[in-house]
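Here's the structure, in structure tokens; my notes come after.
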Amino acid sequence: MAAFLEDVKIIENICLGSRYYLLKVKSEKIIKEIKAGQFCMIKPLDNALILRRPISIHNIDKENGVLEFYYETVGKGTKELSTLKAGDIINIQGPLGEGFSINIKDKKIAIIGGGMGIAPLKELIKQVNKENKVVFIAGGRDKYAFEILKNINFKNTIVVSDDGSIGEKKNTVEKLKEILEKENINMIFTCGPHIMMEKVAEVAHKNNIYCEVSLEERMGCGTGACMGCSIETTKGMKKVCKDGPVFNSKEVIK
Amino acid sequence: MAAFLEDVKIIENICLGSRYYLLKVKSEKIIKEIKAGQFCMIKPLDNALILRRPISIHNIDKENGVLEFYYETVGKGTKELSTLKAGDIINIQGPLGEGFSINIKDKKIAIIGGGMGIAPLKELIKQVNKENKVVFIAGGRDKYAFEILKNINFKNTIVVSDDGSIGEKKNTVEKLKEILEKENINMIFTCGPHIMMEKVAEVAHKNNIYCEVSLEERMGCGTGACMGCSIETTKGMKKVCKDGPVFNSKEVIK
Amino acid sequence: MNKLKTNFCGIDMKNPIMTASGTFGWGKEYSDYFDPNVLGAIVLKGLTLEPRKGNPGTRIAETPSGMLNSIGLENPGFEHFKNITMKELEEDISTNLIVNLNGKTIEEYVELTEKIDKIDRIAGIELNISCPNVKDGGMAFGANPKIAAEVTRKVREVTKKPLIVKLSPNVTDISYIAKLVEDNGADAIAIINTLLGMAIDIEKKKPVLGNIFGGFSGPAVKPVALRIVYQVYKAVNIPILGMGGISSTKDAIEFMMAGASAVSLGTSIFTNPLLPVEVIEGLNKYCKEEKLKNISDIVGILHK
Amino acid sequence: MNKLKTNFCGIDMKNPIMTASGTFGWGKEYSDYFDPNVLGAIVLKGLTLEPRKGNPGTRIAETPSGMLNSIGLENPGFEHFKNITMKELEEDISTNLIVNLNGKTIEEYVELTEKIDKIDRIAGIELNISCPNVKDGGMAFGANPKIAAEVTRKVREVTKKPLIVKLSPNVTDISYIAKLVEDNGADAIAIINTLLGMAIDIEKKKPVLGNIFGGFSGPAVKPVALRIVYQVYKAVNIPILGMGGISSTKDAIEFMMAGASAVSLGTSIFTNPLLPVEVIEGLNKYCKEEKLKNISDIVGILHK
Ligand SMILES: Cc1cc2nc3c(=O)[nH]c(=O)nc-3n(C[C@H](O)[C@H](O)[C@H](O)COP(=O)(O)OP(=O)(O)OC[C@H]3O[C@@H](n4cnc5c(N)ncnc54)[C@H](O)[C@@H]3O)c2cc1C
Ligand SMILES: Cc1cc2nc3c(=O)[nH]c(=O)nc-3n(C[C@H](O)[C@H](O)[C@H](O)COP(=O)(O)OP(=O)(O)OC[C@H]3O[C@@H](n4cnc5c(N)ncnc54)[C@H](O)[C@@H]3O)c2cc1C
Ligand SMILES: Cc1cc2nc3c(=O)[nH]c(=O)nc-3n(C[C@H](O)[C@H](O)[C@H](O)COP(=O)(O)O)c2cc1C
Ligand SMILES: Cc1cc2nc3c(=O)[nH]c(=O)nc-3n(C[C@H](O)[C@H](O)[C@H](O)COP(=O)(O)O)c2cc1C
Ligand code: FES
Ligand code: FES
């Protein structure tokens, strides 16, 4: 597996409502290698921002040579990114890290995304959907957080929200438990707030289901060089940027 | 005299060849107050560049509400400026400093500009040309440095260059001396490399001609607050940004 | 009710926002952009007994997110200050005025303090023992714990005005010096003065600044300034005037959370002349949103 | 002819470009982007006798043109280093390897040095007495002139390998410490390690970093680093390994003009992983343009 630095041209960078954006860029090198669950480090243009921003790959459109990223504006870097327009050039580094286990067959899979955790799941669903049976539980803070589901365009999606304003009024973990009561799930993939992933993993472990979680840490290098994103695992200190961001839940939770 | 902070829209930002640019912006506030020889401080967009860049007013087009600046790319700030396009917004502060003495009549005036020192002279010529007799001596490093003369569009312009590749083969000071032999000049205005202005002032002093020079110093504030641009004058310490940039040559040279 | 009202070591201020000495001239240079009387206090440019021309050569250099200055305390001296500057200030300025006081020797510090003490209109003294741009006095005083203590004590003896001692960040153990300065009579600590830095012109193969080294300030130094405010808050019981790279309301809040009771805005005023107004408005908004009784509720909250 | 060829305190290097410890992992993390063997030397991540997990909580924060880290010397310890890391390095790496050596006590420094001394493949030792992120040893050693001298002397006694002592910028008088370290047997001085800084999360009302303070690096610190290189060059006769915010060829030249015989690239590799290649090419071009015999012609030129 190789990684690259690539100047990519922005094809589209649209606001999906509120603070949520969908970014499409033309890629030649990174697109050849990147896989579901991996991420890129995007260089902000403002030179006062010296660290690259880690953003997961949302969709790999090999046919058109287009990479898609789904992001939320939270600070200076993502805010700057949201001001860029079609034609602008950004420098991205990737693919980075280890993604989801996608070489699987004939499994019943639950994929659970909370908020921005939905970002890496489109590509994952695309990859595993054909040869497995997938149910996708999506939770979010407000209606805008669900706009991305149109882009994911996956029929077996269950939408839940805490206040019931959209979809069912429950959280993703409750929904997962409900499904487990009725169905036999063999694998769980999840990405979202850490507390949510912990609870999902707990359910998975209790039910003896193999589970992968995608973690987030502040990053310096993205290559395993700076030890900035290290976490303790059952297999010793691991780097979220290199050994993850996707981990077997048993290694990193409880 | 008031000064403002104004977000102005770029109307045009064109390369005149090599490193020389002509910038036009739409202004409502600053345009009402600014005068020949004054300058503005332009805020770079890159947040790593915290100091504003002093740039002289080149032309005040009150009819169209347009301010013109003539600049050369030398470092990060001016390079960034050169990448901006029509429609982009920049924040400028001005008018700053004391400009040239333009309320004069019936004088014979020599205006001498070297290189980027030509920048403030278009507006100056416009102001004093009607009621005085003006000769403009323009010197420059290469042919691109003279492209700006088209924009100045002043018939009584004498072009000189060291190597004679454009105009007469002499420097501005030699040309000035030549003119002084033939004509009776009452006033001299000059802007350009410090060494050139020193020599012009020397000639002026020797011939008892009133002379104004426009100085350059690195600036922090542009308002007289930081003492970054102080110089010794015959009248004590003065600030180029507030008491200048234009000074009576007798106060600041020799 | 004004939620920004602050009493800083005896100085009643409508808000805890001041200007940093040397970045706001003699108080009126920014009047075209905003009314300086909106400030809690104005800290004036460094003053010395005798007039000073400052340092020769280039005095300003930009660095990534920061700047260097080697002004060298250019100022017209006490007599001019008293007879002319103060008169001009009295015409337009109603808010608190704080003098930034400098000397080449302890005796000079004391003498100037005695003179300043007699000017009623001056609300307080910022004792600068940390200027990196002068040969004598300045940083050499602030970096030496014994001298820092001595100059504080001797100045304290000759003035009842609030005494804010401004310390240098260019030291191994600032908490120790701050504590000594407190023990010797300071009413507050101002931190930080500039770091010592340098810029090089590779074309000329020379330092950019005429004085070789310069004082380093601006957003770049904020992490060092915050750390020092945090450390000194733990070490002393007198209030802290925090500064060093503040360029937004958020930054001002960070300094207050670390332990500053008031903050000074400096270099970033050059970048954004409206910064003081924005920060005052920003803090007001913050108090409302966070339902604070007074902005002082957040001072040192990081330590709780 | 290679105009970048450098002998740095006994280490033959094809160019004076190294990596800064802790920013280039264990030598191979950037191999996707360029061949690490183009470097004059690779300085590895800080090593300790026993494995260390490093500090808990958030370890990275961005600041204007800079960053803070509080890694806390996470490393697998000497045994793993010798048996596994070195084997992996030997497979692909042909350029010089320099160990960044750390201890909690003087005895630990000495013991680890004795062990490193036996590994032929290690070209030199960077003695880190300036890590701000560990409780024992680290900066506390480097900031105390006596201990700095003692640890240098004792380590010197047990190794003949080139000994580069890395100093902390968080001190009042670095020249004094550098001189002492020279007198006690150092072959070179590495400056600067990180400044001590802090970042605050105003929403959480907590420091951003788990360890509260962190090491401050990146372009923001360059003015301080240049000043220190300039000062130390005046104070010592041994060569200087300069670092702190280098992000371009121009920056590298600035450090060399101030007095550094070689430079380390650190934080800016995160921003631009191709930086080392660009700087090596840039220096080559510079030598040609300026018609230098060797890049060393500009070392310390500011002092001439
Ligand atoms: C592996 C990975 C994949 C990610 N994928 C996505 C994605 O697909 N879409 C998306 O919107 N966000 C994603 N994030 C979070 C995203 O990196 C942050 O929201 C972003 O870096 C914030 O940058 P900022 O400049 O806007 O915020 P600021 O707060 O200004 O950033 C300051 C610093 O903190 C870091 N930082 C701030 N928040 C986070 C965070 N939550 N995680 C990691 N670093 C942070 C920044 O990278 C930067 O170094 C991912 C994070 C990781 C680690
Ligand atoms: C009153 C005044 C009027 C000016 N008018 C013009 C003009 O009309 N057109 C034009 O092209 N240039 C003009 N200059 C020069 C112009 O300010 C500099 O070329 C510009 O600031 C360089 O910025 P930079 O970021 O490209 O260079 P950098 O070298 O990256 O700048 C670094 C720092 O040095 C300062 N600096 C660098 N060169 C100069 C300089 N020659 N004079 C003052 N500060 C400098 C910058 O402002 C900045 O703070 C004027 C200067 C002054 C003082
Ligand atoms: C141009 C300039 C001049 C300064 N002059 C003085 C001074 O005369 N006395 C003083 O105590 N501090 C002086 N300082 C330091 C500032 O008051 C302040 O401590 C420092 O700049 C850090 O704050 P900042 O980063 O917000 O500017 C000066 C700073 C600058 C930039
Ligand atoms: C993430 C990180 C980890 C570091 N770890 C070490 C270390 O283990 N040992 C050491 O001596 N210096 C360490 N440093 C300091 C660097 O080697 C260097 O001295 C400093 O960062 C200044 O250079 P720079 O601004 O180019 O990064 C570390 C720096 C960073 C950013
Ligand atoms: S971000 Fe540097 S090791 Fe992971
Ligand atoms: S630039 Fe600040 S006084 Fe002139």
Toy charge model, Lys and Arg Cβ at +1, Asp and Glu Cβ at -1: the protein assembly as shown dipole around Cα centroid in debye, rounded to 20, equals 560 debye
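Averaged across C:227-237, how many Cβ atoms of other chains sit within 10 Å of each residue's Cβ atom? Numbers along the way, then the final one.
Working: counts 13, 3, 2, 5, 3, 0, 0, 0, 0, 0, 0.
Other-chain Cβ atoms within 10 Å of each residue's Cβ, averaged: 2.
Determine the percent antiparallel among the DSSP beta bridges restricted to the range D:180-304, to the nearest 5.
Looking only at bridges with both residues in the range D:180-304, the antiparallel portion is about 55 percent.
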When Rg is the radius of gyration of the Cα atoms in chain B and Rh is its Kirkwood radius, what does Rg/Rh come to? 0.95
Along Cα-to-Cβ, 7 Å out, sits the label point; list in nm, shortest first, how far the one on C:Pro56 is from those in the other copies. 6.0
Provide, for q = 0.04, 0.05, 0.09 Å⁻¹, the log10 of I(q)/I(0) from a solvent-free Debye sum over equal Cα point scatterers in the protein assembly as shown. -0.23, -0.36, -1.16
Inter-copy distances for A:Asn156, label 7 Å out on the Cα-Cβ vector, sorted ascending, nm, one decimal, are 8.8
So, in nm and shortest first, the distances from B:Lys32 to its counterparts in the other copies, with label points 7 Å along Cα→Cβ, work out as 6.1
For chain C, modelled as a GNM with alpha-carbon contacts under 10 angstrom, which of C:Tyr233, C:Tyr33, C:Tyr109 fluctuates the most? C:Tyr33
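With n ≥ 4 as the cut-off for DSSP H runs, can you work out [θ] at 222 nm for chain C, using -39500 (n - 2.57) per run divided by the number of residues, rounded to the nearest 500? Intermediate values should be presented prior to the final figure.
On the way: 10 runs with 93 residues, N = 304.
That comes out to -8500 deg cm²/dmol.
When Cβ neighbours within 10 Å are restricted to other protein chains, what is their mean count per residue of peptide D:23-34?
On the way: counts 5, 4, 8, 2, 1, 3, 9, 5, 3, 9, 6, 1.
Across the residues of D:23-34, the mean count of other-chain Cβ atoms within 10 Å is 5.
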The range D:64-219: antiparallel DSSP beta bridges as a percent of all, rounded to 5: 45 percent
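Take every DSSP beta bridge whose two residues both sit in the protein assembly as shown, then give the antiparallel share in percent to the nearest 5. Mind showing how you got there, number by number?
Working: 108 of 206 bridges.
Once the DSSP bridges in the protein assembly as shown are tallied, antiparallel ones form about 50 percent.
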Just read off the accessible area of D:Thr19 with the full protein assembly in place, 1.4 Å probe, to the nearest 10 Å². 0 Å²
Towards the positive end of the charge dipole of chain D, with charges on Cβ (+1 Lys, Arg; -1 Asp, Glu), say which of D:Pro169, D:Val38, D:Phe24 has the farthest Cα. D:Pro169
For the range D:64-189, what number results from the quotient of the Cα radius of gyration and 2.2 N^0.38 Å? 1.07
Interchain or sequence-distant (5+) residues whose placed amide H lies within less than 5 Å of the amide H of A:Phe4 are A:Gly94
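To the nearest 20 debye, what is the magnitude of the charge dipole of chain D about its Cα centre, counting +1 on the Cβ of each Lys and Arg and -1 on the Cβ of each Asp and Glu?
Values: 35 positive and 35 negative charges, 118 e Å.
Once rounded to the nearest 20, the dipole reads 560 debye.
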In whole percents, the bins of 10 Å from zero upward hold the Cα-Cα pairs of the range A:37-87 as 22, 54, 22, 2
Extension length gain for C:Lys291 and C:Glu91 (0.36 nm per residue less Cα distance), in nm, is 68.2 nm
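Using Cα pairs under 8 angstrom and six or more residues apart, how large is the relative contact order of the range A:1-160, in percent?
Relative contact order comes out at 26 percent.
How would the range C:36-110 be classified by its alpha-carbon gyration tensor: rounded, prolate or oblate, with rounded meaning a/c under 1.5 and the a/b versus b/c comparison settling the rest? The partial results should precede the final answer.
Details: a/c = 1.98, a/b = 1.20, b/c = 1.65.
Note, shape of the range C:36-110 comes out oblate.
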Can you give me the solvent accessible area of D:Val181 with a 1.4 Å probe, rounded to the nearest 10 Å²? 0 Å²
For the rotation taking B to A, I'd like to know which residue in chain B has the C-beta closest to the axis, plus that distance in Å. B:Ala48, 2
What's the whole-number percent of alpha carbon pairs in the range D:134-252 lying beyond 20 angstrom? 47 percent
Toward the positive end of the charge dipole of the range B:84-212, about the Cα centre and with charges on Cβ (Lys, Arg +1; Asp, Glu -1), which of B:Pro120, B:His194, B:Phe136 goes farthest? B:Phe136
Kirkwood hydrodynamic radius (C-alpha pairs) into Stokes-Einstein, the range C:182-278, 10 °C and 1.306 mPa s, D in µm²/s: 109 µm²/s
Quick query: amide H of B:Ile111 versus all other amide H atoms, modeled in the peptide plane; which residues come in under 5 Å with a sequence gap of 5 or more or a different chain? B:Val135, B:Phe136, B:Ile137, B:Phe189
The distance between the Cα centres of the range D:104-118 and the range C:286-304, in whole Å, is 49 Å
Please give the peptides D:277-284, B:7-14, A:134-141 ranked by average Cβ packing (other Cβ atoms within 10 Å per residue), highest first, as a rough proxy for protection. A:134-141, D:277-284, B:7-14
Residue-ordered couplings for the range B:35-46, obtained by feeding phi - 60° into the Karplus form 6.51 cos²θ - 1.76 cosθ + 1.60 and rounding to whole Hz (Gly and Pro as x), are 10, 3, x, 7, 9, 10, 10, 9, 7, x, 7, 5
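Any idea what the dipole of chain B comes to, in debye rounded to 20, about its Cα centre with Lys/Arg Cβ at +1 and Asp/Glu Cβ at -1?
That gives a dipole near 200 debye.
Is the range C:178-237 rounded, prolate or oblate when judged by the Cα gyration tensor, a ≥ b ≥ c being the square roots of its eigenvalues, rounded requiring a/c under 1.5 and prolate requiring a/b larger than b/c? Write down the numbers at each step before the final one.
Values: a/c = 4.78, a/b = 2.52, b/c = 1.90.
Prolate is the answer for the range C:178-237, as a/c is 1.5 or above and a/b outweighs b/c.
Considering all alpha-carbon pairs of chain C, what whole percent are spaced by more than 25 angstrom?
Details: 20058 of 46056 pairs.
Across chain C, Cα pairs with separations above 25 Å total 44 percent.
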The range B:1-55 and the range B:56-114 have their Cα centres apart by a whole-number Å value of 7 Å
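Hey, could you grab the Kirkwood Rh for the range A:95-187? Inverse mean 1/r over distinct alpha carbon pairs, Å, one decimal.
Numbers: mean 1/r = 0.0731 Å⁻¹.
Here the Kirkwood hydrodynamic radius works out to 13.7 Å.
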In Å, the Kirkwood estimate of hydrodynamic radius for the range A:1-112 over Cα pairs equals 14.7 Å
What whole-number value in cubic angstrom gives the convex hull volume per residue for the C-alpha atoms of the range A:131-237? 153 Å³
Could you tell me the center-to-center distance, by alpha carbons, between the range D:16-60 and the range A:163-200 in angstrom? 40 Å
Under the Debye formula (equal points on every Cα, no solvent term), log10 I(q)/I(0) of the range D:1-81 at q = 0.11, 0.19, 0.20, 0.21 Å⁻¹: -0.41, -0.99, -1.03, -1.07
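The values are calculated or read from the model by the stated rules, or taken from the named source; none is laboratory data. Since we're looking at a predicted model, the values are computed, not measured. Cβ: placed from backbone, ideal geometry, glycine included. Neighbour counts: every protein chain shown. Ligands, DNA and RNA are excluded from the accessible area calculation, which covers all protein heavy atoms including side chains. Shrake-Rupley method; radii C 1.70, N 1.55, O 1.52, S 1.80 Å.
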